[in-house]
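Participant: Before anything else, here's the structure in question.
Here, each number is a calculation from the coordinates, and none is a lab measurement. Worth saying up front: this structure is predicted, and the values here are computed from it rather than measured. All Cβ positions, even for glycine, are placed from backbone atoms using ideal geometry, and neighbour counts span all protein chains on display.
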Amino acid sequence: MPLADFYTTHPFHNKLAFDYWIRLNKAIDMAEDVLKRQGKTLENLAREVTVMFIRHCPDPELALVFKCKPLEEWTAGEVHLATGLQCVQCLPHQAQNLLSQAGTVLVGRKTRQPT
C-alpha cells in the first residue's frame, strides 16, 4: 500500500502547477522509501510522476500543452520545463537526477536536444 498515498495525491484548488509537481515528487519519494524498507522497487518512478501530473494538471492552459502529443511520449524533464520550473534547487533530489538525465526538452512546439 505504499503507493496508495501517491496515487491519491491530487492538486489543491487554486494552487499552481508548480505546487502539484512538488507534492507529487515528495509523495513518490516517500513511497520509494517505504518500498525500499519492504525490499521492493518500482521500475520507473519518473514515469509514474509524469503520468499523474499530466492526468491531473491543475492549469488548464498547461493541460492543453500536454495534449499536443501522447501521454506516453512525455518525459519528466519535458513536464518539468513545461511547468516553467526554473529553480532546480527547489525540487526533491530524485527530480534533480531525472532532469539531468532527460534526453530532449520541449521548446514551444518544437523539441531539441539539450546543449
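Participant: What does the charge count near D5 come to, summing +1 for each Lys or Arg and -1 for each Asp or Glu among other residues with Cβ under 13 Å from its Cβ? Display every interim value, and only then the final one.
Facilitator: Details: positive: R23, K26; negative: D29, E32, D33, E48.
Taking every Cβ under 13 Å from that of D5, the sum is -2.
Participant: Does the range 1-41 classify as rounded, prolate or oblate by the C-alpha gyration tensor (a ≥ b ≥ c root eigenvalues; a/c under 1.5 gives rounded; else a/b over b/c gives prolate, otherwise oblate)? Before the final figure, lay out each step's value.
Facilitator: Working: a/c = 5.06, a/b = 2.52, b/c = 2.01.
Verdict is prolate for the range 1-41.
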